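The block underneath contains the structure these notes are about, expressed in structure tokens.
Just so it is clear, none of the values below were taken in a lab; they were calculated from the coordinates. Just so we're clear, the structure is a prediction, and the values are computed from it rather than from any experiment. Every residue, glycine as well, gets a Cβ built from its backbone with ideal geometry; the counts of neighbours run over all protein chains shown.
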Amino acid sequence: MIEDPEGTVLALFATFCRIGGCFMVLPGFSSFRVPLQIRLFLAVAVSLALMPLLWDTIYPNVRDGGRVYILLVGSEMLIGVTFGLVARYIVLALQYAGTGMSMAIGFNAAPGGGLIENEAEGHITSLITFAALFILFLTDFHHMIIGSLVRSYSFMPMGTEFDPRLALMTLTDTLAGSFMLVLRLASPFLVYGLIFNLSIGMVNKLAPQIPVYFISIPFILCGGLILLFFGINTFLTLFADGFETLFMGAI
């Protein structure tokens, strides 16, 4: 028998607030293609699995309940969302890099429906984002996220107020690191597009009567796709390594 049913429920809900807030914005789990019921059941299942491990940390902070518990719930949700946003910003930076790569190699077809998010995006962006998330799941990045949530109770203990300054600094550093990561990943395509367009511009100056734009598009697109074909393996490997480095560094 449970000695304190009310305290147990309050402890479970407090655990769910931090974990559910993280899963609400976590890349992959927060996709519109994942039904809301699945996300809810997944967050509840992880909360139930972790609550026995965190019982001595959580239960003393929820026994009293009342107004303090309401503030505790809000703080826990903000901490969980901050954890999820750190991972989400890295994936959003990859989507930004995919858009830049598409423009650099001249792949300017009409955007289609996104595979991950419910918004229009380029085909190369969709391909890269889906492949990167697939690699992250294969490397058990969700285990790393859950482990970080467990460790967060040591440096962000329950019962302390949410520190917005620390959260903003963490997210800002993540954005800066993510931008530098995807800039290095997309740099071969950006350099290729820059050199090709400079060369075509010089050719256009020498022979302005030739419709250089219509002639150059197939060549720059073909070269860009060949570069993507031979570099996608290294691209995804470096992104997976950079994701782990950035996330663990931020947390």
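The value obtained for the range 181-251, namely the Cα convex hull volume divided by the number of residues, is 76 Å³ per residue. Rounded to the nearest 20, the Cβ-based charge dipole of the range 5-250 about its Cα centre (Lys and Arg +1, Asp and Glu -1) stands at 380 debye.
Ignoring everything except DSSP H segments at least 4 long, calculate the 222 nm mean residue ellipticity for the chain; use -39,500 (n - 2.57) per segment, divide by total residues, nearest 500.
That calculation yields -27500 deg cm²/dmol at 222 nm.
The mean of 1/r over all distinct Cα pairs in the range 76-134, once inverted, gives the Kirkwood hydrodynamic radius of 12.3 Å. Helix 164-206 and the long axis of the chain differ in direction by around 10°, with both axes built from C-alpha atoms. The GluC sites (Glu not before Pro) of the range 1-86 meeting both criteria, a DSSP state outside H, G, I, E and B (loop) and at most 10 other C-beta atoms within 10 angstrom of the site's C-beta, are Glu3.
Compute log10 of I(q)/I(0) for the range 47-172 with the Debye formula, placing one identical point scatterer on every Cα and leaving out solvent, at q = 0.11, 0.12, 0.19 Å⁻¹, to two decimals. Debye curve over Cα of the range 47-172, log10 I(q)/I(0) at q = 0.11, 0.12, 0.19 Å⁻¹: -0.55, -0.63, -1.06.
Compute the angle between helix 36-50 and the longest alpha-carbon principal axis of the chain, please, reported from 0 to 90 degrees and rounded to the nearest 10. With rounding to tens, the tilt is 50 degrees.
Taking amide H positions as modeled 1.01 Å from N, with prolines and chain starts lacking one, no residue 5 or more places away or on another chain lies under 5 Å from Met51. Ordering 238-247, 105-114 by mean Cβ neighbour count within 10 Å, with the highest value first, yields 238-247, 105-114. Temperature 10 °C, viscosity 1.306 mPa s: under these conditions the Stokes-Einstein estimate for the range 5-250, based on its Kirkwood radius over C-alpha pairs, is 78 µm² per second.
Computed from Cα atoms, the angle from the helix 123-138 axis to the main principal axis of the chain rounds to 40 degrees. Dipole orientation for the chain: of the candidates Ile232, Ile58, Gly7, Ile232 has the Cα lying most toward the positive pole (charges on Cβ; Lys, Arg +1; Asp, Glu -1).
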